[in-house]
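A.B. asks: Here's a structure for you.
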Amino acid sequence: MPFNKSNGIVSEWIKRIISLSVFLIPVLYISKITLYPFISLKSLALYFFIEVIFFLWLYAFLVKKEVVFRFNVVTASVLILIFVIALSSFFGVDSSLSFWSNFERMNGVLTWLHLGALFVVASSVLDTNQDWKHLFWVNSFAATIVSIIALLGRDGFGIISISEKGGSLLGNTSFVGSYLLMSFFLMAYLWIKKYKNRGFLMVMMLIILIGPVFFGAKIWSGKALFLEIFSDPMLFLGRARAATIALYAGFGTLALGGVFISVKNKLVKNISKIALLIMATLAVSVFVMFFVKGSPVQSFISETASKSRVGAWEISVEAWKTRPFLGYGIGNFSYIYQDFYNPLFLTKEYGNETWMDKAHSVGYETLATMGVLGVSSLVFVYTSVGIFLYRKRKDDDFDFWTALIPVVLLSAHLVQNLTVFDTVTTYQMFILVLAFVASQRGKEISISRNFWREGIGQVFVGFGLVASLIFFVFIPYTSAHSTLEFSKGEFIGSQQEIDNLFNKINITKIGEIEKIKLLSELWREQIVKFPQILARYPENVIYVQDKFLETMKISLIDHPDDLRTHITISRMDIFSGGMLSGKDGDVYFSDAKYHAQKAVNLSPNSQMALWTLAVVENTMGNREEAYRLAKTAYDFAPTAKTAAAVLAQYE
């Protein structure tokens, strides 16, 4: 590569920390420590690493002058994408949710600002091929560990169980499939470039390739025999079907690329070139048909997965039509779901989906939440890689494989993401691959002012690091940990302790509306299951429930149109009102009716909203109105889950 090595002390520490994060984030899992440990714990750990390396980079950039800011078309595309994400958030339906996100997803503007910082640092500090090869080598070990645990876990032999959904240390087979897909191609790059021990690399690649994520999941779990593959080729696929197809298509592309670059026979070269063109044409055709309603691709997905996926994509298009330029705002798909809700989502045919906060397709979700500008900026990220590498082909240090493998990896990742979405682990890998490409050439920007003598650099960096770690890592961790502690169901003896715990839970905006809704539902289940708690601590039980109501109503200031919050408030009001008599109970019922009616107004086709209002009306003695509401919900989708049973209650 054409740049001078960043070999100062600070730069070397940055490289070590990036390598540590690449190994630790995928394998990090500690149960019963935070809410959603597969996502929140990894995300907060990534925040920690990025904030440390970013402020160290600022120190090296402003004070030590060891590094430069490297700018090129890939850098521009990443920065534009983050800007559009922020813009969609600001003009979206819920800018607070878009910025902070929640502990289950952690994919808001805050996360993308961290990813942007990671890109800037990695693309400027990791400035030699050796640096990147070492980083990919470290990732190979993490990927192998993840694959082995998948084989031993629910996806394979079932010896250990970490997640009910499988997915090794990432909590979901789609998530682990996306991560291992990217890791496999990086390992292939190391193998082709003859880095370290090629035999050991081959073993690690085989562990990933033949594991249950990418190969014969039912065979590994003992549900099918190997020879049955010949009668049922679908058994060949692993748990992560989209990732499996993308991996083998990408692997075939690399093989053909190898033939094209290494074989001198013109006939063979031409055949490989034609084969590559055919594969590219097929890939583009599948990609286009994916977005065509009723196409064979969508029909196949409906039959093999669930109609709810196609249904989510259909409402994404409807949402885009109403907000075509910047969409609903990143992370706001839950509002799309409630605004364009299809009552058939609650039927068995559609998977009994009571709620969705993701479109399960990066393409459709980007269109709906970020509009045309979001789609254009994301397309620009991918095309910028091609533009960058095409321009670089005339450089003396141009390497065919260093160009082809990132292109194949990103293409496979894009195809796989047609039916899933990224999480923290794949976000990290995606950004690092882009940084790998961007680090190869570009304009070097440095600071000429001497911050060292004036002391500005040291103060800014030190204060910034401490402040960011407190506000974006330690405080959110306290909230996630306290939420989990409350969810364990341990009753709190004094109102002061209750107040303290609620203060810890609400100390951050991350997951503001998510945490309390979850805990209030768990709380009601606990009181119903253990009535002795109410009998022994009646005042404290009501006090806790009032705290839930107070907290949720405060959250409505920033999220006034959140359907589930209104439904949850109404249900808690009904629950509390039923514990009291006379006017005290009537106050809760009146409030319950207000919020249930608000929920119906927000989403008129929602059975959950109609059923909640029906319960309120019945409780207040309006049985005929309750029946009318239940009948309306039933007529929307007679085969919906519990629709007939709910209607029967009021006949």
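A.B. asks: Given the criterion touching a residue at least 24 places away in the same chain (Cβ under 8 Å), outside any helix (DSSP H, G or I), under 20 Å from F290 (Cβ atoms) and not β-branched (V, I, T), identify the matching residue among G363, G331, G374, G327.
C.D. replies: Values: G363 fails: outside any helix (DSSP H, G or I); G331 fails: under 20 Å from F290 (Cβ atoms); G374 fails: outside any helix (DSSP H, G or I).
None of the other options fit; the residue is G327.
A.B. asks: Do we have K504 as of a type in the set (K, R), surrounded by 13 or more Cβ atoms within 10 Å (Cβ to Cβ) and part of a loop (DSSP other than H, G, I, E, B) here?
C.D. replies: On the way: of a type in the set (K, R): yes; surrounded by 13 or more Cβ atoms within 10 Å (Cβ to Cβ): yes; part of a loop (DSSP other than H, G, I, E, B): no.
Here the answer is no, as K504 does not meet what is asked.
A.B. asks: While we're here: Filter segment 117-156 down to the residues that are among the charged types (D, E, K, R) and more than 14 Å from I14 (Cβ to Cβ), then identify the one that is most open to solvent (accessible area, probe 1.4 Å). Give the derivation first.
C.D. replies: Initial filter on segment 117-156 (among the charged types (D, E, K, R)): 127, 131, 133, 154-155.
Going one step further and asking which of them are more than 14 Å from I14 (Cβ to Cβ), we end up with 133, 154-155.
On the way: K133: 31, R154: 122, D155: 6 Å².
So, considering only residues that are among the charged types (D, E, K, R) and more than 14 Å from I14 (Cβ to Cβ), the one most open to solvent (accessible area, probe 1.4 Å) is R154.
A.B. asks: Could you look through segment 507-517, keep only residues that are in a helix (DSSP H, G or I) and among the β-branched types (V, I, T), and pick out the one that is farthest from the chain's Cα centre (by Cα)? I'd like the intermediate steps shown before the answer.
C.D. replies: Step one: of segment 507-517, the residues in a helix (DSSP H, G or I) are 512-517.
Add one more test, that the residue is among the β-branched types (V, I, T), and what stays is 513, 516.
Numbers: I513: 18, I516: 21 Å.
The extreme case among them is I516.
Residues are listed down the side, and each one gets a yes or a no for (1) part of a helix (DSSP H, G or I); (2) over 30 Å from V362 (Cβ atoms); (3) out of contact with any Lys or Arg (no Cβ under 8 Å at 6 or more places or on another chain); (4) open to solvent by 20 Å² or more (accessible area, probe 1.4 Å):
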site: V420; (1), (2), (3), (4): no, no, yes, no
site: Q428; (1), (2), (3), (4): yes, no, yes, no
site: I431; (1), (2), (3), (4): yes, no, yes, no
site: R441; (1), (2), (3), (4): no, no, no, yes
site: E444; (1), (2), (3), (4): no, yes, no, yes
site: S448; (1), (2), (3), (4): no, yes, yes, yes
site: V459; (1), (2), (3), (4): yes, yes, yes, yes
site: S482; (1), (2), (3), (4): yes, yes, no, no
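A.B. asks: Also, quick follow-up: State which residue pairs qualify: first residue within 26 Å of V461 (Cα to Cα) and touching a residue at least 12 places away in the same chain (Cβ under 8 Å) and inside segment 65-78, second residue surrounded by fewer than 20 Cβ atoms within 10 Å (Cβ to Cβ) and hydroxyl-bearing (S, T, Y) in any location, beta carbons under 6 Å apart, and separation of 6 or more residues or different chains.
C.D. replies: What qualifies is V68/S446.
A.B. asks: Of all residues in segment 115-137, how many are among the basic types (K, R) and not in a helix (DSSP H, G or I)? Give the derivation first.
C.D. replies: Our first condition is that a residue be among the basic types (K, R); within segment 115-137, this holds for 133.
Okay, now just the ones that are also not in a helix (DSSP H, G or I), so none.
Of the residues in segment 115-137, 0 are among the basic types (K, R) and not in a helix (DSSP H, G or I).
A.B. asks: Is it true that some residue in segment 528-544 is in contact (Cβ under 8 Å) with a residue 40 or more places away in the chain, crowded, with 20+ Cβ neighbours inside 10 Å and within 20 Å of D499 (Cβ to Cβ)?
C.D. replies: Yes, segment 528-544 contains a residue that is in contact (Cβ under 8 Å) with a residue 40 or more places away in the chain, crowded, with 20+ Cβ neighbours inside 10 Å and within 20 Å of D499 (Cβ to Cβ).
A.B. asks: Please go through segment 74-114 and pick out each residue that is within 30 Å of F388 (Cα to Cα) and in a loop (DSSP other than H, G, I, E, B).
C.D. replies: N107, G108
A.B. asks: Among the numbered conditions (1) within 22 Å of A609 (Cβ to Cβ); (2) modelled with pLDDT under 95; (3) open to solvent by 10 Å² or more (accessible area, probe 1.4 Å), tell me where A359 comes up short.
C.D. replies: (3)
A.B. asks: Would you point out which residue out of R70, R16 is open to solvent by 50 Å² or more (accessible area, probe 1.4 Å) and charged (D, E, K, R)?
C.D. replies: Values: R70 fails: open to solvent by 50 Å² or more (accessible area, probe 1.4 Å).
Testing whether each residue is open to solvent by 50 Å² or more (accessible area, probe 1.4 Å) and charged (D, E, K, R) leaves just R16.
A.B. asks: Being part of a helix (DSSP H, G or I), surrounded by fewer than 23 Cβ atoms within 10 Å (Cβ to Cβ) and of a type in the set (S, T, Y) narrows it down to one residue among Y588, Y594; which is it?
C.D. replies: That would be Y594, the only listed residue that is part of a helix (DSSP H, G or I), surrounded by fewer than 23 Cβ atoms within 10 Å (Cβ to Cβ) and of a type in the set (S, T, Y).
A.B. asks: Working only within segment 560-596, note down all residues that are among the small types (G, A, S) and more than 16 Å from G621 (Cβ to Cβ). Explain how you work it out, then say what you get.
C.D. replies: From segment 560-596, those among the small types (G, A, S) are 570, 576-578, 581-582, 585, 590, 592, 596; that's our starting set.
Residues satisfying the conditions are S570, S576.
A.B. asks: Restricting attention to segment 618-645, report how many residues are open to solvent by less than 10 Å² (accessible area, probe 1.4 Å) and within 24 Å of V587 (Cβ to Cβ).
C.D. replies: Total satisfying the criteria: 2.
A.B. asks: Among the numbered criteria (1) touching a Phe, Trp or Tyr at 6+ places or on another chain (Cβ under 7 Å); (2) farther than 16 Å from N417 by Cα; (3) in contact (Cβ under 8 Å) with a residue 24 or more places away in the chain; (4) assigned to a helix (DSSP H, G or I), which single criterion is violated by S316?
C.D. replies: Single failed check for S316: (2).
A.B. asks: Output the residues belonging to segment 157-181 that are open to solvent by less than 20 Å² (accessible area, probe 1.4 Å), in contact (Cβ under 8 Å) with a residue 60 or more places away in the chain and at positive phi. First the steps, then the outcome.
C.D. replies: Filtering segment 157-181 for residues open to solvent by less than 20 Å² (accessible area, probe 1.4 Å) gives 163, 166-171, 176-181.
From what is left, the residues that are in contact (Cβ under 8 Å) with a residue 60 or more places away in the chain are 163, 166-167, 169-171, 176-181.
Hits for segment 157-181 are G166, G167, G171.
A.B. asks: If you don't mind, there's one more thing I want to ask. Within segment 535-549, does at least one residue satisfy the condition of being in contact with an Asp or Glu (Cβ under 6 Å, 6 or more places away or on another chain) and small (G, A, S)?
C.D. replies: Within segment 535-549, the first condition is being in contact with an Asp or Glu (Cβ under 6 Å, 6 or more places away or on another chain), and the residues that meet it are none.
Looking through segment 535-549, none of the residues is in contact with an Asp or Glu (Cβ under 6 Å, 6 or more places away or on another chain) and small (G, A, S).
A.B. asks: Still on this model: If I ask for residues that are in a loop (DSSP other than H, G, I, E, B) and surrounded by 15 or more Cβ atoms within 10 Å (Cβ to Cβ), which ones from segment 238-270 would you list? Show your work before the answer.
C.D. replies: First, the residues of segment 238-270 that are in a loop (DSSP other than H, G, I, E, B): 238-240, 263-265.
Scanning segment 238-270 gives G238, R239, A240.
A.B. asks: Which ones in segment 293-313 are of a type outside the set (S, T, N, Q), open to solvent by 10 Å² or more (accessible area, probe 1.4 Å) and either in contact with a strand residue (DSSP E or B) (Cβ under 6 Å, 6 or more places away or on another chain) or free of Cβ contacts under 8 Å to residues at least 60 places away in the same chain (or both)?
C.D. replies: So the first thing to find is which residues in segment 293-313 are of a type outside the set (S, T, N, Q), and the list is 293-294, 296-297, 300-301, 303, 305, 307, 309-313.
Next, only the ones that are open to solvent by 10 Å² or more (accessible area, probe 1.4 Å) stay: 293-294, 296-297, 300-301, 303, 305, 307, 309-310.
Answer for segment 293-313, where residues must be of a type outside the set (S, T, N, Q), open to solvent by 10 Å² or more (accessible area, probe 1.4 Å) and either in contact with a strand residue (DSSP E or B) (Cβ under 6 Å, 6 or more places away or on another chain) or free of Cβ contacts under 8 Å to residues at least 60 places away in the same chain (or both): K293, G294, P296, V297, F300, E303, K307, V310.
A.B. asks: Here is a follow-up. Yes or no: segment 374-391 includes at least one residue that is of a type in the set (K, R) and open to solvent by 50 Å² or more (accessible area, probe 1.4 Å).
C.D. replies: Taking segment 374-391 as the starting set, the residues that turn out to be of a type in the set (K, R) are 391.
Then drop every residue that is not open to solvent by 50 Å² or more (accessible area, probe 1.4 Å), which leaves 391.
Yes, segment 374-391 contains at least one residue that is of a type in the set (K, R) and open to solvent by 50 Å² or more (accessible area, probe 1.4 Å).
A.B. asks: Still on this model: Which one of the conditions (1) within 20 Å of L254 (Cβ to Cβ); (2) touching a residue at least 24 places away in the same chain (Cβ under 8 Å) does M202 fail to meet, given that it meets all the rest?
C.D. replies: If we test M202 against (1) within 20 Å of L254 (Cβ to Cβ); (2) touching a residue at least 24 places away in the same chain (Cβ under 8 Å), just (2) comes out false.
A.B. asks: Then there's this: Mind checking which residues of segment 479-526 are under 17 Å from S570 (Cα atoms) and among the β-branched types (V, I, T)?
C.D. replies: Across segment 479-526, the qualifying residues are I513, I516.
A.B. asks: Among the candidates A640, A644, A609, single out the residue that is among the aliphatic types (A, V, I, L, M), more than 35 Å from the chain's Cα centre (by Cα) and either at negative phi or assigned to a loop (DSSP other than H, G, I, E, B) (or both). Explain how you work it out, then say what you get.
C.D. replies: Working: A640 fails: more than 35 Å from the chain's Cα centre (by Cα); A609 fails: more than 35 Å from the chain's Cα centre (by Cα).
Every option except A644 fails the conditions.
A.B. asks: Then there is this: Look through segment 1-36, keep the residues that are under 20 Å from L58 (Cβ atoms) and part of a loop (DSSP other than H, G, I, E, B), and return whichever of them is modelled with the highest pLDDT.
C.D. replies: Checking each candidate, the answer is G8.
A.B. asks: While we're looking at this one, here's another question. Pick from F214, F184: which is open to solvent by less than 40 Å² (accessible area, probe 1.4 Å), part of a helix (DSSP H, G or I) and either at pLDDT 95 or above or out of contact with any His (no Cβ under 8 Å at 6 or more places or on another chain) (or both)?
C.D. replies: Numbers: F214 fails: part of a helix (DSSP H, G or I).
Only one candidate passes the filter, namely F184.
A.B. asks: Take segment 271-290 and flag every residue that is open to solvent by less than 80 Å² (accessible area, probe 1.4 Å) and over 35 Å from the mean Cα position of the chain (by Cα).
C.D. replies: S272 - this is the single residue of segment 271-290 that is open to solvent by less than 80 Å² (accessible area, probe 1.4 Å) and over 35 Å from the mean Cα position of the chain (by Cα).
A.B. asks: From the list L62, L44, L28, exactly one residue is under 30 Å from the mean Cα position of the chain (by Cα) and under 21 Å from V466 (Cβ atoms). Which is it? Before you say what the answer is, go through the steps one by one.
C.D. replies: Details: L62 fails: under 30 Å from the mean Cα position of the chain (by Cα); L28 fails: under 21 Å from V466 (Cβ atoms).
Only one candidate qualifies: L44.
The values are calculated or read from the model by the stated rules, or taken from the named source; none is laboratory data. This one's a predicted model, so the numbers in the text were calculated from it and none came from an experiment. Glycine gets a Cβ as well: all are built from the backbone with ideal geometry, and neighbour counts include every protein chain shown. Each accessible area value is taken on the protein alone, full model and side chains, heavy atoms only, with ligands, DNA and RNA left out. Shrake-Rupley method; radii C 1.70, N 1.55, O 1.52, S 1.80 Å.
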